[in-house]
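Visitor: What follows is a single structure, and I will ask about it in a moment.
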Amino acid sequence: MKFVISGFYGLGNTGDEAILESIIDNLRDQFDNPEITVFSLSPEETAKEHNVKSVYRAWRHSNKEKVKALREADLLISGGGGLLQDSYPTKFLFGPLPYYLLIVLLAKLCGTKVMFFSQGIGPVKSRWGKILMKLANLADFITVRDQYSKELLHKLGVTKPETVVTSDIVFAFKRKEDRSCIESLPLKGDEQMVAVSVRPWFGREVQFEQTAQILDHLIEEKHITPVFVPMEGHHDWDASEKVLSHMKHKEKCLMLGTDFTPNQYLNFIGECQLTIGMRLHALIFSTLMGVPHIGFSYDKKVESLLKRSGMWEYSSVLEEINVEELQTNGSYLLKNHDMASKKILENAQSMRGEAVRNLELLKENFVK
């Protein structure tokens, strides 16, 4: 079969690149020699990294190549990830929501079937965004990564294609052994590492000071070594620096580089005793590797994941962080690491099965 994959690819976001790698690896598992084309902002890099064809994703050029790829494809896979949302400014034809839905419309005009694949939906709050969402009814089949996304789709009037709740396709990620992250750090070997993943969020900064207070407490009480994991380049690097600027024990912390692959970050997080932070896929990596985690939920997708991983009771909504409570939770999870890890791995196994179901449903609905 011939596939085109459309998503937030080629922009250096570790979570989205993990999604792409997982989709490609699993397509190759399920199909004999699938022909895969990825719409990417960095097509040469994407083509080289994954041994696929790649076309420039934006509208500035390569539009004939997009049309050609869609006409020749058997299926457009839109996703995964949180593509259909208007958190970021959405104008008439600019913003994530119109872009991804216009790709879907173009595919249908080319006579190509469409599957929304392992997507997280929302938020969609603007009037124009809600109008645009009606185009999602053009899809032939939809899988979403949580129940909230399915319910939101129905509220927005997307009722024509069948929608099935699965899980994030990254739960089907095929890990390869790689110690590049660990080997890049000046470690003695006896450290109790805690992965820290923070990100910017629309100018809000109080969580950086709160994170610093939590980490300082765990350094003093549990002698941890916090290691910042910048999963979206300079954006997360800058956010990490803001946490460090508030810390009393900054010298006890380490920072990974920004140029590691999703697989390398995944392997690193698996070496840690605890993860604290915001990035959804840092928390998914922690779940996959059985690492206890405390999440700061800035979006329903994070809350949904934390409930499914079993870590919601130790976590918090971003706007409701109670520093003392999370300090206590961090100490508890470090002390009871093995018990928490067992619970997480059981939940991860269930979600892994649901992630693979994305591929099974694809085959059921689109393979003759």
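The values are calculated or read from the model by the stated rules, or taken from the named source; none is laboratory data. Remember, it's a predicted structure, so these values are computed and weren't measured experimentally. FYI the Cβ positions are ideal-geometry reconstructions off the backbone, even for glycines, and counts take in every protein chain you see. Quick note on the areas: whole protein, heavy atoms, side chains included, nothing else; ligands and nucleic acids left out. Shrake-Rupley method; radii C 1.70, N 1.55, O 1.52, S 1.80 Å.
Visitor: Quickly run through the range 38-58 and pick out the residues that are without any contact (Cβ under 8 Å) to a residue 12 or more places away in the chain and either open to solvent by less than 100 Å² (accessible area, probe 1.4 Å) or within 16 Å of residue 110 (Cα to Cα) (or both).
Guide: 47
Visitor: In the range 174-213, which residues are closer than 27 Å to residue 301 by Cβ and either among the small types (Gly, Ala, Ser) or surrounded by 24 or more Cβ atoms within 10 Å (Cβ to Cβ) (or both)?
Guide: Hits for the range 174-213 are 194, 195, 196, 197, 198, 203, 211, 212.
Visitor: Restricting attention to the range 290-322, and to residues there that are part of a helix (DSSP H, G or I) and of a type in the set (Ser, Thr, Tyr), which single residue is surrounded by the most Cβ atoms within 10 Å (Cβ to Cβ)?
Guide: Taking the candidates together, the pick is 309.
Visitor: Which is in contact (Cβ under 8 Å) with a residue 12 or more places away in the chain, buried (at least 16 other Cβ atoms within 10 Å of the Cβ) and in a strand (DSSP E or B), of 287, 275?
Guide: Going through 287, 275 in turn, the sole match is 275.
Visitor: If you go through the range 79-99 one residue at a time, how many are crowded, with 23+ Cβ neighbours inside 10 Å and assigned to a helix (DSSP H, G or I)?
Guide: Total satisfying the criteria: 1.
Visitor: Considering only residues that are part of a helix (DSSP H, G or I) and among the charged types (D, E, K, R), look in the range 126-150 and name the one that is most open to solvent (accessible area, probe 1.4 Å).
Guide: 127
Visitor: How do the pairs read when you match residues in the range 143-165 that are within 18 Å of residue 108 (Cα to Cα) with residues anywhere that are open to solvent by 20 Å² or more (accessible area, probe 1.4 Å) and part of a loop (DSSP other than H, G, I, E, B), using Cβ under 7 Å and keeping only pairs 6 or more apart or on different chains?
Guide: Every condition considered, the pairs that remain are 161/140.
Visitor: Name, by its number, the condition in (1) touching a residue at least 40 places away in the same chain (Cβ under 8 Å); (2) not in a strand (DSSP E or B) that does not hold for residue 76.
Guide: (2)
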